[in-house]
Every structure is written in structure tokens, then in C-alpha cells.
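Novice: I am attaching a structure below and will ask some questions about it afterwards.
The values are calculated or read from the model by the stated rules, or taken from the named source; none is laboratory data. Remember, it's a predicted structure, so these values are computed and weren't measured experimentally. Positions of Cβ are backbone-derived with ideal geometry, glycine not excepted, and every protein chain shown enters the neighbour counts.
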Amino acid sequence: MKYALTLIIGFLLGATWHLPYKYIVSLIYAEEYGRLVYLCDSAMREHYIAKNTLIENPSKDNIENVEIAEVALLDCQRYDILRKEMLSLGLTEVELSLISLKFIEKHSTDLLDVVEIHEINY
């Protein structure tokens, strides 16, 4: 009986330990991760716009705008590092996507903020 109880407790702990663990990891990193997702997305959008503007209208000012936009891409490096750390701690891509969407929804003051994050630029 004692062995069976130990086995059941061990099985339950083994099967469910990751739930509180993932929740705690999410609580610790969610705000920073969401912030970096937003910053990286904005930086990529600005870089895309600056590069296309330079192609259409080569000028010294537009070269400087591309260089400034490239510096902002450093936020993407920080985002990517944190993303990989969170994945290595056991969170899934789906959980990371959910954290990003919740952050954007929580911090959006306008529907356009939510639309912009899903926008594809060509």
C-alpha cells in the first residue's frame, strides 16, 4: 500500500510539475519578453520603411535614417536571446506567442496598435 501511494504521488508530481514551473517562468519573463517583441517589431518595420525610402530616394538623410534604424535592430538581438532562454526553460512557441499577444493587447491604447502588429509589409 505504501509503495502504491508513493508511486501514485510520484506519477502525479512527474506529470504535473511543469505546469507551475512554466507559470512561474512566464511570470518572471513575460513583461520583458512582450516589451522586446513590440520593440523588435517596431524596429523591423522602421528599418523596412527606411530602406525602401533610401532605394526610392537616395540621399544623405535617408542613409542616416537607415543607419539609425539599424541601431534600433539591437532590440531584436535582445528579443532573440530572451526567446531562446525561455525556450530552453521549457516554454513552447505557442506559449511565447500568447505572451506576446497578451502584452500587445494589454498595452495597446488603440485598435491600430493591434492591427499593426499583424500587418505584413511588402
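Novice: When the residues of the range 78-111 are filtered to those that are closer than 16 Å to residue 42 by Cβ and at pLDDT 90 or above, which remaining residue is surrounded by the fewest Cβ atoms within 10 Å (Cβ to Cβ)?
Specialist: Going through the qualifying residues, I end up with 80.
Novice: Could you list all residues from the range 37-81 that are of a type in the set (A, V, I, L, M) and closer than 21 Å to residue 108 by Cβ?
Specialist: So in the range 37-81, the residues of a type in the set (A, V, I, L, M) come out as 37, 39, 43-44, 49-50, 54-55, 63, 66, 68-69, 71-74, 81.
Hits for the range 37-81 are 37, 39, 43, 44, 49, 72.
Novice: Can you name every residue in the range 46-69 that is closer than 25 Å to residue 32 by Cα, exposed (fewer than 14 other Cβ atoms within 10 Å of the Cβ) and of a type in the set (Asp, Glu)? Even if it seems obvious, please write down each step before you answer.
Specialist: To start, the set of residues in the range 46-69 that are closer than 25 Å to residue 32 by Cα comprises 46-48, 68-69.
Filter once more, keeping what is exposed (fewer than 14 other Cβ atoms within 10 Å of the Cβ): 48, 68.
Scanning the range 46-69 gives no hits.
Novice: Collect the residues in the range 26-36 that are more than 14 Å from residue 73 (Cβ to Cβ) and of a type in the set (A, V, I, L, M, F, W, C), keeping them in residue-number order. Before the answer, list the steps.
Specialist: From the range 26-36, those more than 14 Å from residue 73 (Cβ to Cβ) are 26-35; that's our starting set.
Of everything in the range 26-36, those that are more than 14 Å from residue 73 (Cβ to Cβ) and of a type in the set (A, V, I, L, M, F, W, C) turn out to be 27, 28, 30.
Novice: Given the conditions (1) over 23 Å from the mean Cα position of the chain (by Cα); (2) in a helix (DSSP H, G or I), report the number of the one that residue 58 does not fulfil.
Specialist: All conditions pass for residue 58, except number (2).
Novice: Could you list, in sequence order, the residues of the range 22-39 that are aliphatic (A, V, I, L, M), surrounded by fewer than 16 Cβ atoms within 10 Å (Cβ to Cβ) and at pLDDT below 90? Before you say what the answer is, go through the steps one by one.
Specialist: Let us first name the residues in the range 22-39 that are aliphatic (A, V, I, L, M), namely 24-25, 27-28, 30, 36-37, 39.
Retained after the next criterion (residues that are surrounded by fewer than 16 Cβ atoms within 10 Å (Cβ to Cβ)): 24, 27-28.
Once the filter is applied, which keeps residues that are aliphatic (A, V, I, L, M), surrounded by fewer than 16 Cβ atoms within 10 Å (Cβ to Cβ) and at pLDDT below 90, the range 22-39 yields 24, 27.
Novice: Okay, next question. So, residue 69, is that one under 16 Å from the mean Cα position of the chain (by Cα), at pLDDT 90 or above and either part of a helix (DSSP H, G or I) or of a type in the set (Gly, Ala, Ser) (or both) or not? Quick ask: steps written out before the conclusion?
Specialist: Values: under 16 Å from the mean Cα position of the chain (by Cα): no; at pLDDT 90 or above: yes; either part of a helix (DSSP H, G or I) or of a type in the set (Gly, Ala, Ser) (or both): yes.
So residue 69 fails the test.
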